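*Asks:* My questions will all concern the structure given below.
The values are calculated or read from the model by the stated rules, or taken from the named source; none is laboratory data. What you see is a predicted model, and the numbers here were worked out from it, not measured in a lab. Cβ placement follows ideal geometry from the backbone for every residue including glycine, while neighbour counts extend to all protein chains displayed.
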Amino acid sequence: MRNILEITDATKQFGGLMANEGITFNVGEGEIVGVVGPNGAGKTTLFNSVSGAHTLTRGSIVFDGQDVTQKKAHEIARLGVGRTFQIPQSLNEMTVTENVLVGALMHTADMKKAAEKVQETLELCNLAHRKDMLAGKLNVAQKKRLEIARAMATDPKLLLLDETMAGLTATERKDAVDLILKINRMGVSILTIEHNMDVVMTVSNRVVVLVSGKLLMVGTPEEVTSNPEVISAYLGGGSDTDE
Amino acid sequence: MLKTLFGDYSKKQLAIGAVLIVIALILPQLTKSLFMYNLLILIVIWSILGMGWNVMGGFCGQVSNGHSMFYGFGAYCVGLPLQYFGLSPWIAIPFGMCFCACVAWVIGKPVLRLKGHAFAICTMALAECMRYICVNMEFTNGAKGVNMFKKGVNPILFLQFKDPRVYYYLYFVIMLIVLAVTKILSKKRFFYYLRTIKGNEDAAASVGIDVSRYKVRAYMLSAAIVSLGGSLYAQYMLYFDPASMMTLNVSMMIVLVAVMGGIGTVFGPILGAIVIECLSEFTRASLGQYGGLDMVLYGCLVIIIVLFLPGGLLTLPAKIREYMDRKASKEGAAK
Amino acid sequence: MKFKRVISGLLAAAMVISLAACGGSGSGGSAAPAAEAGTGAAAEAEAAPAASGDVIKIGWLAPLTGTSAENGQQVTWAAEMIVDIINEEHGDINMLLAADAGLPNLGGAKIQLVEADTKGDTTVATSEAKRLISEEGCVAITGQLTSGMSKAISVITEQYEVPLVTAGSAVTLTDGTEDYDWLFRYNLTDATYIDDSYKLMDEANAAGHEIKTVAFLSEDSEFGANIVTVEVDKAAEYGYEVVENMTYAANSTSLSSEVIKLKDANPDCLMVAGYATDVILLMKTMKDQDWFPKMLIGQRGGFVTDDFFSALGADTEYVYSTGGWAPDIEKDCIASLQELYPSYSNGIAFNEGMSKDCADVLLIAACINQAGTTDSAALAEALKNPDVDCAQIFMPWESISMDENNQNTAATGVVTQVQNGSYVTVYPENAKNADAVFEAPTWSAR
Amino acid sequence: MSTFLQAIYEGLINGTVYAMIAMGIALVWGVMGILSFSQGEFLMIAMFIAYFFTTATGFPPVLALPLCMGVLFVLGFCIYKTIIYKALQGPTLSQRLITFALSMVLVNGMLMLFGGTFRTIQNTGMDGAFSIGPLVIAKNRIIPLIIAICIFCFMLWFLNKTRQGKAIRATSMDKTAAELVGINTEKSYSLAFGLSAAIAGAAGCALSYYYYCYPSVGGNFQLFGFIAVVMGGFGSVEGAIVGGMIMGLVDSLTGVYFNTAFKYLGVCVIFMLILQFKPKGLFGGK
């Protein structure tokens, strides 16, 4: 299986704080990789480095065969990396359609083709019925789906999902999982940060465990849950999610 | 192209639009007074300035308080070539727009890294710098200003008409062209990207928008249109000096026109220009002699409008309708 | 949201209609001039109203609000006083047109001064000038106008062929760089004022005082820029060494660095061109830094305003000012004007600042009377060579002769000095009322 | 050498005025995120108060300091409660326009009430100048320096040591967090706006010693106040003081050593340079 994303010795330092240190793992094409770890383990920093919001202090990131370590966020996005944000950054003064249209416009300036892409993506993320609503007026679940729709409209090869399950009710979570699996089946590899262990275990092919900026282990969900170190470092206190 | 222009308007709206345009064309024929032509021409010029600023402040969310710099440069780019080379404005005006776009490109890169108040203050300081340079430079006649009035010159070639109505028609058509350009662009990727940047710069980067390049492009387009407004003003007044063109007051008036009308909308600046110009001319004409009372009234009106109508005057009817519905529903409940 | 669509529909449709109306934007110009020819005549006819029997309107533009509001108001009262004298019978005042009511050659027609506020802003001045010409039908325009405003308004008066009489003294108005047919200046130009200043310095040298070096401090405005260019040229002509030449930004927050540089250069004579705000700040800063040149010559502007005395009081002592007028000129109508003016200005005395502009009003009235009609061409002819008895004019002129640029070359000026609280004429020799104190003492010695 | 010393001295004096205006702007900007265009006008009103106080009672203007600060505090408080409170709900851009319109109203209101005459306080009880070596120190510029220093100390003490001062600082850092810990942010807002007006009042009182008093005086100082605030670091009061001082020095040094016409140009250029290297200003506030 060809690797869509190769992260080697990723290190990011903010002044004194070593947010990420020597993280190395790959994401295969069409694979779903979950990233877990306690708060402050450097998960979002890693995401920001992959998506280009930060540049690494040391190490390299290769996406689809190209070295993107020094590239800026918009260049990486154009190469096919879609991303969502921990706190949804929706464009509140624009309608749902316009939010997704902006994504669709990445590859084509022709408004008609873009409109078709928008319609298709809205149906995929089942937001078609909210087409003309202002993004600011959506609820949390819909805002998260809108972010995914905006990212999907750019036809990404890799989708970075940042805690898409946070704050969702049980049914909303189920829909979100179905959506992720449907997107994966369309050939999009996914790297997702997730606190909800059940979702991570059912959805991801492999799981990356980060603890205080370092890579503890990479393995299948079964290996991760049975590994004593992971349990003590992360799961020891019992899973903090409700059920 | 026509579809994007009139695509999303019902037949009724187009009819109303046509009626208003006809009124706008007939208006100068009805009155004889130069004062009224003067008012109409200033409205048209200020609409262009408002639309220019709106590209940057309204659509792209980068609020600059220094656009009087481009307004002044626009005037200089028409005045100086005429003075030194006798160049006709038909060539000088486009040259002025490109010049201002280049100035915006050069200035844009460093200045647009700033955001919010810092950006606004930086543009204010820039406008002041440019004014000092123009006031102290021999090339721009320093503070003496530029006099463009030439006797017995071909009116068409040098745009120096005796009857102000010709100015009005010409400027009205230019305004419509600028309006059409803004309308078309607002349906194109360029303005969607600008509105995304206004919404949230991180989200914009995540969908592949090179934020700083698009900001600079918006600044260039905005500078070009405002410079067009400056050139038309200079061509109409035929005399200008830096002290009356490149001041903070002018910059704030440009912002006021767009915000009062409706920021981020295509037609907002036109409505804003109409209201502000009429307001300032009539308060001055009627209350002028009470030593400043007209400006006090003007200031209060601005405060009231901006306070109670943040969306600008375009949202006034919607607000009134909303008020009516609320009253009706209250009466319904009371019955 | 719905209404936005209505408005956008409304104006977006404009493209189709207006293009058709103007025959395509490209040839927008062509259709319009046809209209211009037709209507041009109408606009022009309406601009020069028929001479109505009873009232003749003269347009008056002055800053009634804004930074120079106080000064503008004082000059306006003076103009109103002159018009009242013309309109009523004043046998006792030996002034032009004072004896009989109104203009004798036009059947006693009264003069009406139509006032408009320029707010000290060129754009407002031009809009108001248009209003005075088209709405009010004024036959001539004058007022308290800076040189910059005179240029802006001359564009209007040239286009609508209405005479503009201004005291704006910029040399570029009169040295033929710009050809104006409808601009008339009876007052001195900068060149004459500055000649007087240097002649005064020559007199000081003759009297044995060491006045060798000169420095210039001028505002970066139209007013300052013109004066300093002439000052520099004349310095070479009269053989004075220029040790410092500085411009400052109008309404500046501090002039301390300027005064520091002046102290460094320590010129014998300092010539200042600025308005009241900066002149007051300059005097106070010089007092704070304990420095005063042997001779401080103010080029009118802030130096001749009433605020200069009210704000600085005794500190104004020994300051010279060039000027076109002084209270002690031997013209008998001056005394009656000085008596009458405080009733208009609730107590403020008639001074140099207002003399030049209200003299223009008197001259316009005299020329209308001489032309016998308000037709602008005839009026322009009269303004070009007015035959008036200068003894009946309250200005120091002996005669009036207009050169081809419509500038009165016979106008002479005076130089006054503040001696115990008020301006006294110290130059020229024939109009002198007191000897000049050539070397001013330092602040501590006062 | 003496001109250099004199230039530094004069620069510091002017710098204190810019600093006081900048402090007022920084306070309002830091706490409420509003760019207040009417700061210059508060300064002007205070100058009028100091002028009328001196002409009426004959005492030196420094005794008018409490009166100026008190009146301005009340004025700032009322303006906050009526206009600014409502403006805070609207978009930030219209907040800036509202303070601009407010300054228009204040300038022309004063022009209407007191007319356009230039008023200066002629005998401030501190006439004449003495010199220490080559440096000439005008007596009536010492009091403004002392007033400024007192204000700086008062503000730094108030914001760092008193409870209410800390509450204001907390509100400026994060309004919602401040509310969570029980700070009445509404009170912090109104107090901050009143205080910033009072500081401008002190600046006005100090300025009336050596500057003329006229309705449109505020405008001359407005832009420099802004530049000092941004140069010092947005919304940081300490930064505003340093920014103001730098402004004064650059203003007088460029004037003396370069060309007086480019005095303000020098200030703007230095401002641009600082912004390029430290986009968040020297002290990098919010």
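*Asks:* Considering only residues that are at the interface with another protein chain (Cβ under 7 Å from one of its Cβ atoms) and at positive phi, look in the range C:248-291 and name the one that is nearest to the chain's Cα centre (by Cα).
*Replies:* The extreme case among them is C:251.
*Asks:* Right, here's the next one. Which of (1) more than 14 Å from every other protein chain (Cβ to nearest Cβ); (2) touching an Asp or Glu at 6+ places or on another chain (Cβ under 7 Å); (3) within 23 Å of residue A:182 (Cα to Cα) does residue A:30 not meet, given it meets every other one?
*Replies:* Checking residue A:30 against (1) more than 14 Å from every other protein chain (Cβ to nearest Cβ); (2) touching an Asp or Glu at 6+ places or on another chain (Cβ under 7 Å); (3) within 23 Å of residue A:182 (Cα to Cα), the one that fails is (2).
*Asks:* From the set of residues in the range D:135-153 that are away from chain C (no Cβ under 14 Å) and surrounded by 14 or more Cβ atoms within 10 Å (Cβ to Cβ), which is farthest from residue C:315 (Cα to Cα)? If you could, list the steps in order and put the result at the bottom.
*Replies:* Pass one, the range D:135-153, residues away from chain C (no Cβ under 14 Å): D:146-153.
Among the residues that remain, those that are also surrounded by 14 or more Cβ atoms within 10 Å (Cβ to Cβ) are: D:147-148, D:151-152.
Working: D:147: 26, D:148: 27, D:151: 32, D:152: 33 Å.
This residue is D:152.
*Asks:* Identify, please: which residue in the range C:125-170 is facing chain B (nearest Cβ under 7 Å) and hydrophobic (A, V, I, L, M, F, W, C) and is, among those, nearest to residue C:231 (Cα to Cα)? Show your work before the answer.
*Replies:* Initial filter on the range C:125-170 (facing chain B (nearest Cβ under 7 Å)): C:126-127, C:130-131, C:133-135, C:148, C:151-152, C:155, C:158-159.
In the following step, the residues that additionally are hydrophobic (A, V, I, L, M, F, W, C) were identified as C:133, C:152, C:155.
Values: C:133: 36, C:152: 24, C:155: 28 Å.
Checking each candidate, the answer is C:152.
*Asks:* Another one. For the range C:3-110, please list each of the helices (runs of 4 or more DSSP H) lying entirely inside it that holds at least 3 residues being within 30 Å of residue B:32 (Cα to Cα) and at pLDDT 80 or above.
*Replies:* On the way: elements: C:14-21, C:28-47, C:69-87.
Answer list for the range C:3-110: C:69-87.
*Asks:* Further question: Among the residues that make up the range D:114-134, is at least one of them under 23 Å from residue C:277 (Cα atoms), part of a helix (DSSP H, G or I) and within 12 Å of chain C (Cβ to nearest Cβ)?
*Replies:* yes
*Asks:* Consider residue B:121 carefully, then state whether it is aliphatic (A, V, I, L, M) and buried (at least 21 other Cβ atoms within 10 Å of the Cβ).
*Replies:* On the way: aliphatic (A, V, I, L, M): yes; buried (at least 21 other Cβ atoms within 10 Å of the Cβ): yes.
So residue B:121 fits the description; yes.
*Asks:* I would also like to ask the following. Only one residue in B:55, B:111, B:78 is buried (at least 24 other Cβ atoms within 10 Å of the Cβ), more than 27 Å from residue B:193 (Cα to Cα) and not small (Gly, Ala, Ser). Which one?
*Replies:* Values: B:55 fails: more than 27 Å from residue B:193 (Cα to Cα); B:111 fails: more than 27 Å from residue B:193 (Cα to Cα).
That would be B:78, the only listed residue that is buried (at least 24 other Cβ atoms within 10 Å of the Cβ), more than 27 Å from residue B:193 (Cα to Cα) and not small (Gly, Ala, Ser).
*Asks:* From the list C:357, C:332, which residue is within 19 Å of the chain's Cα centre (by Cα) and touching a residue at least 40 places away in the same chain (Cβ under 8 Å)? Lay out the reasoning, then the answer.
*Replies:* Details: C:332 fails: within 19 Å of the chain's Cα centre (by Cα).
Being within 19 Å of the chain's Cα centre (by Cα) and touching a residue at least 40 places away in the same chain (Cβ under 8 Å) holds for just one of C:357, C:332, which is C:357.
*Asks:* Further question on the same structure: Counting only residues that are farther than 19 Å from residue B:51 by Cβ and within 14 Å of chain A (Cβ to nearest Cβ), which one in the range B:158-196 is modelled with the lowest pLDDT? So that I can check it myself, show each step before the final result.
*Replies:* At the first step, the residues of the range B:158-196 found to be farther than 19 Å from residue B:51 by Cβ are B:158-166, B:189, B:196.
Cutting the leftovers down to within 14 Å of chain A (Cβ to nearest Cβ) gives us B:189, B:196.
Working: B:189: 89, B:196: 92.
So, considering only residues that are farther than 19 Å from residue B:51 by Cβ and within 14 Å of chain A (Cβ to nearest Cβ), the one modelled with the lowest pLDDT is B:189.
Each row is one residue, and each column tells you yes or no for (1) in a loop (DSSP other than H, G, I, E, B); (2) assigned by TED's automatic domain parsing to the domain that holds residue A:230.
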site	(1), (2)
A:22	no, yes
A:26	no, yes
A:56	yes, yes
A:87	yes, no
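*Asks:* Kindly evaluate residue C:115 against the criterion of being at pLDDT 85 or above, on the phi < 0 side of the Ramachandran plot and in a helix (DSSP H, G or I).
*Replies:* Numbers: at pLDDT 85 or above: yes; on the phi < 0 side of the Ramachandran plot: yes; in a helix (DSSP H, G or I): no.
When the stated conditions are applied, residue C:115 does not pass them.
*Asks:* Check whether at least one residue in the range D:262-283 is in contact (Cβ under 8 Å) with a residue 60 or more places away in the chain, closer than 23 Å to residue D:148 by Cα and more than 10 Å from every other protein chain (Cβ to nearest Cβ), and report yes or no.
*Replies:* no
*Asks:* Could you say whether any residue in the range D:9-31 is among the hydroxyl-bearing types (Ser, Thr, Tyr), within 11 Å of another protein chain (Cβ to nearest Cβ), part of a helix (DSSP H, G or I) and touching a strand residue (DSSP E or B) at 6+ places or on another chain (Cβ under 8 Å)?
*Replies:* Going through the range D:9-31, the residues among the hydroxyl-bearing types (Ser, Thr, Tyr) turn out to be D:9, D:16, D:18.
Next cut, within 11 Å of another protein chain (Cβ to nearest Cβ) only: D:9, D:18.
Okay, now just the ones that are also part of a helix (DSSP H, G or I), so D:9, D:18.
Of the ones still in play, those that are also touching a strand residue (DSSP E or B) at 6+ places or on another chain (Cβ under 8 Å) are D:9.
Looking through the range D:9-31, at least one residue is among the hydroxyl-bearing types (Ser, Thr, Tyr), within 11 Å of another protein chain (Cβ to nearest Cβ), part of a helix (DSSP H, G or I) and touching a strand residue (DSSP E or B) at 6+ places or on another chain (Cβ under 8 Å).
*Asks:* While we're looking at this one, here's another question. Is the range D:82-90 home to any residue that is part of a helix (DSSP H, G or I) and out of contact with any helix residue (DSSP H, G or I) (no Cβ under 7 Å at 6 or more places or on another chain)?
*Replies:* Taking the range D:82-90 and keeping what is part of a helix (DSSP H, G or I), we get D:82-87.
Applying the additional criterion that residues be out of contact with any helix residue (DSSP H, G or I) (no Cβ under 7 Å at 6 or more places or on another chain) yields D:82, D:85.
Yes, the range D:82-90 contains at least one residue that is part of a helix (DSSP H, G or I) and out of contact with any helix residue (DSSP H, G or I) (no Cβ under 7 Å at 6 or more places or on another chain).
*Asks:* Taking the conditions exactly as written (among the hydrophobic types (A, V, I, L, M, F, W, C), closer than 23 Å to residue A:120 by Cα, outside any loop (DSSP other than H, G, I, E, B) and more than 8 Å from chain B (Cβ to nearest Cβ)), does residue A:62 satisfy them or not? Don't jump to the end; show me each part of the working.
*Replies:* Numbers: among the hydrophobic types (A, V, I, L, M, F, W, C): yes; closer than 23 Å to residue A:120 by Cα: no; outside any loop (DSSP other than H, G, I, E, B): yes; more than 8 Å from chain B (Cβ to nearest Cβ): yes.
Answer is no for this residue.
*Asks:* Still on this structure, please answer the following. Going through the range A:89-135 one residue at a time, which ones are in a loop (DSSP other than H, G, I, E, B) and at the interface with chain B (Cβ under 10 Å from one of its Cβ atoms)?
*Replies:* Residues of the range A:89-135 that are in a loop (DSSP other than H, G, I, E, B), as a first pass: A:89-94, A:105-110, A:125-127, A:131-133.
Listed by number, the residues that qualify are A:89, A:90, A:91, A:92, A:93, A:94, A:105, A:106, A:107, A:108, A:109, A:110.
*Asks:* From the list C:361, C:418, which residue is assigned by TED's automatic domain parsing to the domain that holds residue C:298, modelled with pLDDT of 85 or more, of a type outside the set (Asp, Glu) and buried (at least 23 other Cβ atoms within 10 Å of the Cβ)? I'd like the intermediate steps shown before the answer.
*Replies:* Numbers: C:361 fails: assigned by TED's automatic domain parsing to the domain that holds residue C:298.
One residue alone meets the criteria, C:418.
*Asks:* State yes or no: is residue A:35 surrounded by 18 or more Cβ atoms within 10 Å (Cβ to Cβ), away from chain B (no Cβ under 14 Å) and either within 12 Å of the chain's Cα centre (by Cα) or in contact (Cβ under 8 Å) with a residue 40 or more places away in the chain (or both)?
*Replies:* Numbers: surrounded by 18 or more Cβ atoms within 10 Å (Cβ to Cβ): yes; away from chain B (no Cβ under 14 Å): yes; either within 12 Å of the chain's Cα centre (by Cα) or in contact (Cβ under 8 Å) with a residue 40 or more places away in the chain (or both): yes.
Yes: the conditions hold for residue A:35.
*Asks:* For residue B:64, only one of the following conditions fails: (1) within 12 Å of another protein chain (Cβ to nearest Cβ); (2) touching a residue at least 24 places away in the same chain (Cβ under 8 Å); (3) part of a helix (DSSP H, G or I). What is its number?
*Replies:* Residue B:64 satisfies all of (1) within 12 Å of another protein chain (Cβ to nearest Cβ); (2) touching a residue at least 24 places away in the same chain (Cβ under 8 Å); (3) part of a helix (DSSP H, G or I) except (3).
*Asks:* Right, another one. Which one of B:222, B:251, B:227 is farther than 27 Å from residue D:98 by Cβ, of a type in the set (S, T, N, Q) and touching a Phe, Trp or Tyr at 6+ places or on another chain (Cβ under 9 Å)? Outline the logic, then answer.
*Replies:* Numbers: B:222 fails: farther than 27 Å from residue D:98 by Cβ; B:251 fails: farther than 27 Å from residue D:98 by Cβ.
Matching residue, one of B:222, B:251, B:227: B:227.
*Asks:* Applying the selection to the range D:79-125, what residues are charged (D, E, K, R) and out of contact with any strand residue (DSSP E or B) (no Cβ under 9 Å at 6 or more places or on another chain)?
*Replies:* Here is the first cut: in the range D:79-125, the residues charged (D, E, K, R) are D:81, D:86, D:96, D:119.
Hits for the range D:79-125 are D:81, D:86, D:96.
*Asks:* Scan the range D:199-226 and report the pairs whose first residue is under 19 Å from residue D:76 (Cα atoms) and within 14 Å of chain B (Cβ to nearest Cβ) and whose second residue is modelled with pLDDT of 85 or more and in a loop (DSSP other than H, G, I, E, B), with Cβ atoms within less than 6 Å and a gap of 6+ or a chain change.
*Replies:* Close Cβ pairs (under 6 Å, with a partner that is modelled with pLDDT of 85 or more and in a loop (DSSP other than H, G, I, E, B)) amount to D:221/C:253.
*Asks:* Name the residues in the range C:408-438 that are of a type in the set (S, T, N, Q) and in a strand (DSSP E or B), would you?
*Replies:* Taking the range C:408-438 and keeping what is of a type in the set (S, T, N, Q), we get C:408-409, C:412, C:416-417, C:419-420, C:422, C:425, C:430, C:433.
Within the range C:408-438, C:408, C:416, C:417, C:419, C:422, C:425 qualify.
*Asks:* Quick check on this structure: which one of B:296, B:255 is touching a Gly at 6+ places or on another chain (Cβ under 8 Å), at the interface with another protein chain (Cβ under 7 Å from one of its Cβ atoms), part of a helix (DSSP H, G or I) and touching a residue at least 60 places away in the same chain (Cβ under 8 Å)? I'd like the intermediate steps shown before the answer.
*Replies:* Details: B:296 fails: touching a residue at least 60 places away in the same chain (Cβ under 8 Å).
From the options B:296, B:255, the qualifying one is B:255.
*Asks:* I would also like to ask the following. Does residue C:299 satisfy being within 12 Å of chain D (Cβ to nearest Cβ), in contact with a Ser or Thr (Cβ under 9 Å, 6 or more places away or on another chain) and under 30 Å from residue D:259 (Cβ atoms)?
*Replies:* On the way: within 12 Å of chain D (Cβ to nearest Cβ): no; in contact with a Ser or Thr (Cβ under 9 Å, 6 or more places away or on another chain): yes; under 30 Å from residue D:259 (Cβ atoms): yes.
So residue C:299 does not fit the description; no.
*Asks:* Taking residue B:65 as the residue in question, decide whether it is out of contact with any Ser or Thr (no Cβ under 6 Å at 6 or more places or on another chain), of a type in the set (S, T, N, Q) and within 30 Å of residue D:231 (Cβ to Cβ).
*Replies:* No.
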